[in-house]
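Heads up, the thing below is written out as structure tokens.
Nothing in this text is a laboratory measurement; each read-out follows from the coordinates by a stated rule. The structure displayed is predicted, hence computed values, not measured ones. With ideal geometry, Cβ positions are generated from the backbone for all residues, glycine too; neighbour counts draw on all protein chains shown.
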Ligand SMILES: Nc1ncnc2c1ncn2[C@@H]1O[C@H](COP(=O)(O)OP(=O)(O)OP(=O)(O)O)[C@@H](O)[C@H]1O
Ligand SMILES: [Mg+2]
């Protein structure tokens with residue numbers, strides 16, 4: 001089921017990847033020395049693909065995501081969006097972080113938070129339409145005039161996701177976005193993201209510590225390992241669509257993937 005050779009990329013859509021990492025290396029300063037954080041990361045993300053990334057703490061997942069979003073410069077290799085090399089944060093790639101409470105502007109309404117990234121560059125009509133569409137995608141149409149502090153944690157995270165969606169990104173990069181949510185909210189957010197992907201064709205790169213979440217959401221799972229972090233293995237997840245919280249998680253294949261990914265995260269090199 002898994003493939004150790006992540007450079008042999010899948011056929012469908014591979015000729016038109018939304019996003020690509022070619023032999024990416026990131027080195028950062030650590031106590032006056034350059035420390036290599038990730039190396040030799042090569043990946044294609046297809047249009048509309050849901051790619052999940054797992055790995056032990058410190059394997060460089062966040063660093064990789066920041067490099068993919070143009071926030072951290074690469075020390076080697078390149079990141080390409082629609083075949084064009086990144087030289088800063090690109091317009092059609094957005095990052096959603098875990099910490100939704102700091103990400104939202106508390107003095108702005110939900111609608112005005114969602115408008116934040118587009119209000120300066122689009123006319124009012126277009127902004128209004130996009131805000132309504134994005135709030136509908138995450139099921140918050142009725143909360144447009146609320147303030148973030150009036151919402152639950154899960155709703156605040158949905159506002160952050162709506163804000164990202166309003167940018168109509170080609171690629172959405174997410175760093176453990178549901179880590180702080182309770183199990184039920186997390187499950188409904190997972191399904192919401194899959195619906196958004198189905199409706200918009202956005203590609204997702206989604207980091208999580210939760211192996212079941214990685215299997216449930218992923219078309220493929222990338223396992224990072226080591227220091228510097230490298231791709232240990234890539235799994236193609238052949239679970240039937242649409243995924244369902246109860247029946248998918250009970251499939252024998254689901255349990256097999258969960259086991260195999262668990263093994264890959266823990267397995268020593270060599
Ligand atoms: N700005 C930075 N400067 C120097 N070193 C950094 C910086 N950011 C991260 N590191 C180091 O890079 C390594 C990988 O960190 P990173 O945050 O990417 O890991 P991670 O896989 O996201 O971990 P976690 O699962 O705990 O979030 C760690 O050893 C960390 O100390
Ligand atoms: Mg991290």
Compactness index (Cα Rg / 2.2 N^0.38 Å), the chain | 1.00
The simple spin-label model distance between residue 182 and residue 75, using points 7 Å out along Cα→Cβ, in nm, is 4.4 nm
Report Rg/Rh for the stretch 161-270, rounded to two decimals, where Rg is the Cα radius of gyration and Rh the Kirkwood radius.
-> 0.97
Across 10 Å bins from the origin, how do the percents of Cα pairs in the stretch 127-200 run, short distances first?
-> 19, 56, 25, 1
Relative contact order for the chain: what is it in percent, counting Cα pairs under 8 Å that are at least 6 residues apart?
-> 26 percent
Which value in nm describes the separation of the simple spin-label points at residue 251 and residue 32, placed 7 Å from the Cα toward the beta carbon?
-> 5.5 nm
Once label points are set 7 Å from the Cα along Cα→Cβ at both residue 42 and residue 92, what is their separation, rounded to one decimal in nm?
-> 2.5 nm
Quick one: 163, 36, fewest Cβ neighbours within 10 Å first, how do they rank?
-> 36, 163
What is the distance in Å between the Cα centres of the stretch 80-95 and the stretch 158-193?
-> 20 Å
If the convex hull is drawn through the Cα atoms of the stretch 95-168, its volume per residue in Å³ | 81 Å³
With a Förster distance of 41 angstrom and the Cβ-Cβ distance between residue 241 and residue 144, calculated FRET efficiency to the nearest 0.05 equals 0.85
Show that you can apply the helix-only estimate: for the chain, add -39,500 (n - 2.57) for every DSSP H stretch of four or more residues, divide by all residues, and state [θ] at 222 nm to the nearest 500.
-> -10000 deg cm²/dmol
By Cβ neighbour count within 10 Å, fewest first, 184, 174, 68 rank 184, 174, 68
Treating the angle as unsigned and between 0 and 90°, give the value, to the nearest 10°, between the Cα long axis of helix 153-166 and the longest Cα principal axis of the chain.
-> 90 degrees
Would you mind checking the tilt of helix 124-137 against the longest principal axis of the Cα atoms of the chain, expressed as 0 to 90 degrees and rounded to 10?
-> 60 degrees
Taking the Cα atoms only, what angle lies between the long axis of helix 183-200 and the longest principal axis of the chain, rounded to 10 degrees?
-> 90 degrees
Footprinting proxy, 256, 212: sorted fewest to most Cβ within 10 Å, the residues are 256, 212
Taking N as the number of residues in the stretch 98-252, what value does Rg over Cα atoms divided by 2.2 N^0.38 Å take?
-> 1.11
